[in-house]
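The values are calculated or read from the model by the stated rules, or taken from the named source; none is laboratory data. Every value quoted in this text rests on a predicted model; they were computed, and no experiment measured them. Backbone-built Cβ (ideal geometry, glycine too); neighbour counts: all protein chains shown. Calculation scope for accessible area: heavy atoms of the full protein, side chains included, ligands and nucleic acids excluded. Shrake-Rupley method; radii C 1.70, N 1.55, O 1.52, S 1.80 Å.
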Amino acid sequence: MQLWHLARNPIESWANVHYEELIVAGPSMLGHFVVVSDPAAIRRVFVENSANYEKDPLQMRVLRSGAPEGSGEGLLSASGDAWKRTRRTLSPLFTPRRVGAFAQIMKIKSEARVEAWLKRRPGAIVEVDREMIRVTLDILSSTLFSDALDDDRPGFEREMMKLLDSIGRIDPLDVLNAPAWLPRLNRTRAKASRQWFAATSDRLIAQRTAEMARAPDRTPDDLLTALLRASDPETGVGLTQGEVAANLFTFIAAGHETTARALGWTLHLLSHAPEWQARVRDEALNAPDDPADWLDAMPATRAVFDEAMRLFPPVAHMSRMALEPDRLGDVAVPAKSVIIVAPWLLHRHKRLWKQPGAFMPERFMPGARETIDRFAYLPFGAGPRVCIGATFAMQEAVVALACIFRRVRLSPVRGVEPRPVLRITLRPEDRIPVHIHPV
Ligand code: HEM
């Protein structure tokens, strides 16, 4: 693995062998690596022997680098008992019933975005990657804190994009395990944004705590209130203010760009697949009244999104460190090995998928999807650290796609072929323009 590729675009570091062999192991200048695309071995790492495989320190350093200055530990970067306690405390916030209560907001925000497109002339070009960033941010700021930052909306967007851009890059000094006091260029750039987020979340939390004390019955029913009220079902202990701030930020960092990128890639793929657009439109026009029911009622729309995340998994790379020696199949894993499970590779692996490079949502239609090994398709990870927001993201995506294709048809802009680059999430290197046509 070359350091240069890792810093610039890690998906370019894969060689043919990684797409052809199920396990590739060996020493590298960064330690012993095991790249695992064998579903049975992935099951062992993520589930059967998950206690032996911790999130690896490099990944944690990169994730922590973005947290607001002075905040506590968020779920994504916590480990050990602190992680267990936080996971137990936050799980009730993401049950299907709680997530279903956000479906109406998701619909309103998505419809408003499409309405703005319809003011343009037929055939106009829309940059769908940016548009999906906007719509998912609208949805998050409403479901998280009931649009409480709308008085400084441009500031919020600007600081967030700056921060995500800086934490998205793997710093070569982190890869080399350089001491923490050596300044990382990206982190220095992000310092002002981290301070902005710290001050803003303190303000939001103070305002909301005061509202809850003043009029508990009229407190907005959003994720911020839920975080402030959450308590560990085993001990009854709630989160500290620092932990509320860290998790508020974690939901933005983990939930916004991932969903936005997945939707952007979906629209790119659909712009080349008019027959699947028609199927999504057909489901959208016949959908039940309550958008909370759409996820279950729209199998083709869901299949389209699943297939887009197969080809362009927003989290394209996960890693763990082996605490003790282990075996994965017939491969020995020495202690301290870094295990790489890369959805980018796994989802395009020649031994696991027919026509791996083709966009074929029929793979995920009922009847076919049951034949896919649970550990061959991992857009949301698996095991104890599986994405806590998966249902939220799936519902958001299906609702957004339904709202879009009820009103418009997309066609590709000739000559545009977006190149994916990995910066924590899998982004297009440039914009994704498509033509929009009202239907
Ligand atoms: C399409 C959208 C999304 C994708 C592809 C995605 C993917 C993932 C993946 C792969 C992991 C596991 C990483 C690992 O095991 O190393 C993860 C964890 C996580 N995700 Fe998501 N995610 C998405 C949306 C969301 C949303 C909407 C939220 C919250 C609102 C969220 C919050 C989290 C959190 C907090 C974790 C850490 C869980 C833990 O360690 O216990 N994600 N996500």
Lone qualifier among Arg327, Arg385, Arg351 - being open to solvent by 30 Å² or more (accessible area, probe 1.4 Å), within 15 Å of the ligand (Cβ to nearest atom) and at pLDDT 95 or above: Arg385
Residues satisfying the stated conditions in region 316-350, i.e. under 27 Å from Thr258 (Cβ atoms) and among the charged types (D, E, K, R): Arg320, Arg348, Lys350
Ala402 being more than 8 Å from the ligand (Cβ to nearest atom) and of a type outside the set (Ser, Thr, Tyr): yes
Matching residues, region 241-289, being polar (S, T, N, Q) and touching a residue at least 24 places away in the same chain (Cβ under 8 Å): Gln241, Asn247, Thr250, Thr258, Thr259, Thr266, Ser271, Gln277
Checking His268 against (1) at pLDDT 95 or above; (2) of a type outside the set (A, V, I, L, M); (3) open to solvent by 30 Å² or more (accessible area, probe 1.4 Å), the condition it does not meet: (3)
Spans of helices (runs of 4 or more DSSP H) in region 287-400 with at least 3 residues closer than 30 Å to Leu144 by Cα and aliphatic (A, V, I, L, M): 299-311
Helices (runs of 4 or more DSSP H) completely within region 117-193 that count 1 or more residues being open to solvent by less than 40 Å² (accessible area, probe 1.4 Å) and at pLDDT 80 or above: 128-145, 153-167
Within region 368-382, tally of residues that are more than 21 Å from the chain's Cα centre (by Cα) and either at pLDDT below 95 or within 30 Å of Ile108 (Cα to Cα) (or both): 0
Unique match (being within 16 Å of the ligand (Cβ to nearest atom), open to solvent by 20 Å² or more (accessible area, probe 1.4 Å) and either small (Gly, Ala, Ser) or assigned to a helix (DSSP H, G or I) (or both)) among Glu243, Glu211: Glu243
Whichever residue in region 368-379 is touching a residue at least 12 places away in the same chain (Cβ under 8 Å) and surrounded by 15 or more Cβ atoms within 10 Å (Cβ to Cβ) and, among such residues, is nearest to the ligand (Cβ to nearest atom): Pro379
Residue within region 89-103 that is within 20 Å of Trp265 (Cα to Cα), open to solvent by 50 Å² or more (accessible area, probe 1.4 Å) and outside any helix (DSSP H, G or I) present: no
Hits in region 388-426 - residues which are farther than 30 Å from Arg97 by Cβ and open to solvent by less than 20 Å² (accessible area, probe 1.4 Å): Val408, Leu410, Pro418, Val421, Leu422, Leu426
Residue pairs meeting the criteria (Cβ under 6 Å; at least 6 apart or on separate chains; first within 12 Å of the ligand (Cβ to nearest atom), in region 300-324; second among the polar types (S, T, N, Q)): Phe305/Thr266; Ala308/Thr266; Pro314/Thr258; Pro314/Thr425; Ser319/Gln59
Elements of type strands (runs of 3 or more DSSP E) in region 1-72, at least 3 residues being open to solvent by 70 Å² or more (accessible area, probe 1.4 Å) and modelled with pLDDT under 70: none
